[in-house]
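Data first, discussion second: the structure below is written as structure tokens.
The values are calculated or read from the model by the stated rules, or taken from the named source; none is laboratory data. This structure is a prediction, so every number in the text was calculated from the model and none was measured. Using ideal geometry, Cβ is built from the backbone for each residue, glycine included, and neighbour counts are taken over all protein chains shown.
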């Protein structure tokens, strides 16, 4: 219940107090009150409204008891507003949605460092504790706590308004929001370090955030594109992990979640419709979702339309050029046009040095070399990839592939 209600609670309190740190403190106070009272009195019929009313009353009591609590003079000006609303019933659903959207744009504001945006988003919108965030990213709890504290101070110092940007600023700020959700999902889908191949809880948090955004911004194509991508990628989770990591070609597709696939197709259709309404081509997230959809439509690996996948990666490289996209295109070309064609692209990336230290480059080269029966070179490439990765499960997989190439 707290995971669901806390973002709405903090969002509403931030609008009232104009202070994100104060809003979170009040929300935590309301949670403590619930932990104390609900075991004795039972869970109320509307937990969210109970928490909001409790938090408002505590805000009024705190301000009246200690005026120094209002670190900003304008906070005092909201005392009457808070007091008047303290005994009201449930808030207007549209008002809650508006507040939640404002909180999303504040937590993901570009004035914050990327790591701070991720931590603050998981804390405020994902309802995760500092310890949970630290464990998810294999970071010290003190480090995460510092990031969150500094983020709040930065937002206060820069006087970031509690509002949804408009005009050209909306697109720029929305890109930051989507990037944060995408980063959270990717860390869950392919953990960068540690013993686990996946961290499903992070994937679930990111997918939930993407769905919330789709409801809040129904006319934004890339919001639906990102949601579609995460739905389709999440559908493979059960088949992707086991005692050892399972690569896409080896997965039991009967274990793919058909409900998530249908939801992904529906979100992709909404993304296409929203883009068509604007007269714009598909964005980077929609293109990635279209690639995932090609895999989802194939009942077996052999039925995958690799030519379409390669074309989509080419389009993606034009919309959002990056060496990683080119590496993925090399994989698709290697499947569509043969391993030699894919290896030529991968070798060009290696020669350019733009992916130096990135373990998936030698991993891709190893796979393409193995398919060309250049076994000694494949073994060397897989060994190099194993040395570069920081994920223990992935290292085991790569070393096994190196041994198979001997």
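Could you check, for the stretch 171-186, whether at least one of its residues is in contact (Cβ under 8 Å) with a residue 12 or more places away in the chain, surrounded by 19 or more Cβ atoms within 10 Å (Cβ to Cβ), touching a strand residue (DSSP E or B) at 6+ places or on another chain (Cβ under 7 Å) and more than 22 Å from residue 18 (Cα to Cα)? Within the stretch 171-186 (the criterion being in contact (Cβ under 8 Å) with a residue 12 or more places away in the chain, surrounded by 19 or more Cβ atoms within 10 Å (Cβ to Cβ), touching a strand residue (DSSP E or B) at 6+ places or on another chain (Cβ under 7 Å) and more than 22 Å from residue 18 (Cα to Cα)), the answer is no, since none of the residues qualifies. Scanning the stretch 236-252 for residues that are farther than 19 Å from residue 208 by Cα, surrounded by 15 or more Cβ atoms within 10 Å (Cβ to Cβ) and out of contact with any helix residue (DSSP H, G or I) (no Cβ under 7 Å at 6 or more places or on another chain) yields 240, 241. I'd like to verify a number: residues in the stretch 135-154 that are assigned to a helix (DSSP H, G or I), touching a helix residue (DSSP H, G or I) at 6+ places or on another chain (Cβ under 8 Å) and at pLDDT below 85, how many? Residues meeting the conditions: 1. In the set (1) closer than 18 Å to residue 25 by Cβ; (2) over 14 Å from the mean Cα position of the chain (by Cα), residue 125 fails one condition alone, (2).
Is it the case that residue 293 is part of a helix (DSSP H, G or I), assigned by TED's automatic domain parsing to the domain that holds residue 196, touching a helix residue (DSSP H, G or I) at 6+ places or on another chain (Cβ under 8 Å) and closer than 20 Å to residue 171 by Cα? No. When the criteria are applied in full, residue 307 meets the requirement of being in a helix (DSSP H, G or I) and surrounded by fewer than 16 Cβ atoms within 10 Å (Cβ to Cβ). Say whether the condition of being within 16 Å of residue 247 (Cα to Cα) and at pLDDT 95 or above is met by at least one residue in the stretch 335-357. Yes. Applying the criterion of being within 22 Å of the chain's Cα centre (by Cα) and assigned to a loop (DSSP other than H, G, I, E, B) to the residues of the stretch 235-245, the residue that is modelled with the lowest pLDDT is 241. Residue 269 fulfils the conditions (1) outside any helix (DSSP H, G or I); (2) within 29 Å of residue 216 (Cβ to Cβ); (3) under 23 Å from the mean Cα position of the chain (by Cα) except for a single criterion, (1). Here the condition is being in a loop (DSSP other than H, G, I, E, B) and either without any contact (Cβ under 8 Å) to a residue 12 or more places away in the chain or surrounded by fewer than 22 Cβ atoms within 10 Å (Cβ to Cβ) (or both); of 276, 341, 299, it holds for 299 alone. For the stretch 370-380, check the following and say yes or no: at least one residue is in contact (Cβ under 8 Å) with a residue 60 or more places away in the chain, over 28 Å from residue 307 (Cα atoms) and surrounded by 15 or more Cβ atoms within 10 Å (Cβ to Cβ). Looking for residues that are in contact (Cβ under 8 Å) with a residue 60 or more places away in the chain, over 28 Å from residue 307 (Cα atoms) and surrounded by 15 or more Cβ atoms within 10 Å (Cβ to Cβ), one finds none in the stretch 370-380, hence no. You will find that of 229, 207, 259, the residue that is crowded, with 20+ Cβ neighbours inside 10 Å, assigned by TED's automatic domain parsing to the domain that holds residue 282 and modelled with pLDDT of 95 or more is 229 and no other. For the stretch 187-210, a tally of residues being part of a helix (DSSP H, G or I), more than 9 Å from the chain's Cα centre (by Cα) and more than 18 Å from residue 2 (Cβ to Cβ) returns 2.
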